[in-house]
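One structure is given below, encoded as structure tokens.
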Amino acid sequence: MPGSLDKGKPGGNGKGIVSAGLLVWYVAVSLWTAQAPADPQFWLIASILPGLFVVVLLATYRSLPLSHVSYGLITAFLTLHTIGVHYTYAEVPVGLWLDQVLHLGRNHFDRIVHFSFGFLLAYPMEELFRLSATVQGWVVYYLPVMTVLGLSGLWEIIESRVASAVHPELGVTYLGSQGDIWDAQNDMAAALYGALLSMSILMVLRALRGAQAELQAEVAE
């Protein structure tokens with residue numbers, strides 16, 4: 001249903017069941033990736049911010065609850081990131097397989113995750129702006145895209161600072177540039193494209209829903 005993205009907020013008899021299930025899933029995946037990661041120090045460093053993010057979501061669950069759709073999208077992104085840090089992004093098997101099949105020249109799993117950051121998290125951001133700040137009109141689509149772009153730039157800065165603070169070998173692994181001198185810019189671009197696609201789809205779905213509602217109203221008259 002086109003309008004389903006704006007529904008499904010935690011409530012009723014099933015309040016918390018879906019969210020609890022998503023939390024259990026993320027904890028299970030995190031425990032799995034904690035078992036013999038390719039680089040334990042890299043895994044620890046790259047898991048700190050996602051862990052803090054989950055704590056914030058838990059702390060604000062009752063005061064500012066998001067929809068089940070938003071929590072599901074967030075969980076999907078965190079799952080991809082957690083898998084990436086288990087193997088280190090440059091060695092994720094799926095990315096290596098894609099490189100062999102499509103001859104990409106590098107493991108692009110990191111690009112997939114950066115794109116997913118924009119594509120999967122833009123809607124939760126849109127929902128947060130719309131519900132907490134009563135943002136309306138085109139701004140409700142603009143703010144998530146700019147927020148994704150800003151957070152992507154902030155992440156690249158954090159990555160560079162962490163890389164410079166640890167031993168060189170881990171720094172190269174943490175950055176995961178794989179020889180791409182434009183890695184940071186390409187990662188930010190991937191996130192931007194994901195956010196733009198997400199907001200474009202949302203706009204189309206809402207336009208279709210509005211047209212359907214108008215048609216039903218005309219038929220009912």
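The values are calculated or read from the model by the stated rules, or taken from the named source; none is laboratory data. No experiment lies behind these values; they were computed from the predicted model shown. Here the Cβ is made from the backbone with ideal geometry for all residues, glycine too, and neighbour counts use every protein chain on show. Side chains included, ligands, DNA and RNA excluded: accessible areas come from the protein's heavy atoms. Shrake-Rupley method; radii C 1.70, N 1.55, O 1.52, S 1.80 Å.
Kindly evaluate LEU121 against the criterion of being within 20 Å of LEU49 (Cβ to Cβ), open to solvent by less than 20 Å² (accessible area, probe 1.4 Å), modelled with pLDDT of 90 or more and not acidic (Asp, Glu).
On the way: within 20 Å of LEU49 (Cβ to Cβ): yes; open to solvent by less than 20 Å² (accessible area, probe 1.4 Å): yes; modelled with pLDDT of 90 or more: yes; not acidic (Asp, Glu): yes.
Taking the combined requirement at face value, the residue satisfies it.
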### Message
Going by what's in this entry, would GLY105 be described as modelled with pLDDT of 90 or more, farther than 29 Å from MET203 by Cα and in contact with an Asp or Glu (Cβ under 9 Å, 6 or more places away or on another chain)?
### Response
no
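Surrounded by fewer than 20 Cβ atoms within 10 Å (Cβ to Cβ), under 21 Å from ALA20 (Cα atoms) and aliphatic (A, V, I, L, M), is that true of VAL54? Give the steps one after another, and end with the answer.
On the way: surrounded by fewer than 20 Cβ atoms within 10 Å (Cβ to Cβ): yes; under 21 Å from ALA20 (Cα atoms): yes; aliphatic (A, V, I, L, M): yes.
In short, yes.
Considering each of THR33, THR88, THR60 in turn, give the residue that is hydroxyl-bearing (Ser, Thr, Tyr) and surrounded by fewer than 18 Cβ atoms within 10 Å (Cβ to Cβ). Steps first, answer last, please.
Working: THR33 fails: surrounded by fewer than 18 Cβ atoms within 10 Å (Cβ to Cβ); THR88 fails: surrounded by fewer than 18 Cβ atoms within 10 Å (Cβ to Cβ).
Step by step, each of THR33, THR88, THR60 is checked, and only THR60 is hydroxyl-bearing (Ser, Thr, Tyr) and surrounded by fewer than 18 Cβ atoms within 10 Å (Cβ to Cβ).
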### Query
Between residues in the stretch 45-56 that are touching a residue at least 40 places away in the same chain (Cβ under 8 Å) and residues that are among the hydroxyl-bearing types (Ser, Thr, Tyr) and not in a helix (DSSP H, G or I), which pairs lie under 9 Å by C-beta distance while being six or more apart or on different chains?
ALA46/THR88
## Note on the structure
When restricted to LEU44, LEU66, the only residue at pLDDT below 95 and crowded, with 17+ Cβ neighbours inside 10 Å is LEU66
### Task
Kindly provide the set of residues from the stretch 144-156 that are touching an Asp or Glu at 6+ places or on another chain (Cβ under 7 Å) and surrounded by 20 or more Cβ atoms within 10 Å (Cβ to Cβ), ordered by number.
PRO144, SER152
## Note on the structure
Residue pairs qualifying under the 8 Å Cβ cut-off, at least six apart or on distinct chains, with the first in the stretch 83-108 being within 13 Å of TRP43 (Cα to Cα) and of a type in the set (Ser, Thr, Tyr) and the second being open to solvent by less than 40 Å² (accessible area, probe 1.4 Å) and in a helix (DSSP H, G or I), are THR88/PHE42; TYR89/GLY95; TYR89/PHE109; TYR89/ASP110; TYR89/VAL113
### Message
Restricting to the stretch 124-143, and then to whatever is open to solvent by less than 60 Å² (accessible area, probe 1.4 Å) and assigned to a loop (DSSP other than H, G, I, E, B), can you tell me which residue is farthest from GLY194 (Cα to Cα)?
### Response
ALA133
